[in-house]
Each structure stands twice: as structure tokens, then as C-alpha cells.
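The next block holds one structure in the form of C-alpha cells; read it before the comments.
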Amino acid sequence: MTSKFELFIARRYLRAHRKEKVISVITAISILGVAAVVMALIIALAVNNGFKNTLERN
């Protein structure tokens, strides 16, 4: 459950004013980067687990 403070900070950095468009772009790139790394980690763990199960069956 998120607090009002966390939502305030998220809205503050995701909405850019005229002078602060660079911050918004950097924030979007950072969010996409973190999402990509988490996705890669989940896929790697799933493949590793499947490979381990295959080896244990034989």
C-alpha cells in the first residue's frame, strides 16, 4: 500500500515543467531500465530452475 508522500514524489518527478523536461526523460529511462533488468532476472531464474529440474530428472 502506497502512502500519500510516495505518490506525491512520483507525480512530482513524472510530470515535468517547461524547464524540467530533462528530469522527466531521465526518470522514464530509469524506470524502463529497472523494468528491463527485473524482467531479465526473472527470465534467467526461470531458465535456471527449468535446467536444474531437467538435470535432476536424469
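Values as computed for the structure displayed
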quantity	calculated
Members of region 16-37 found to be of a type in the set (D, E, K, R) and surrounded by 10 or more Cβ atoms within 10 Å (Cβ to Cβ), listed by number	Glu20, Lys21
Top-ranked residue in region 38-58 [being open to solvent by 100 Å² or more (accessible area, probe 1.4 Å) and among the aliphatic types (A, V, I, L, M); ranked as modelled with the lowest pLDDT]	Leu55
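The values are calculated or read from the model by the stated rules, or taken from the named source; none is laboratory data. Predicted, not measured: the structure shown is a model, and the values here were computed from it. Positions of Cβ are backbone-derived with ideal geometry, glycine not excepted, and every protein chain shown enters the neighbour counts. Surface areas here come from the heavy atoms of the whole protein model, side chains and all, with no ligands, DNA or RNA. Shrake-Rupley method; radii C 1.70, N 1.55, O 1.52, S 1.80 Å.
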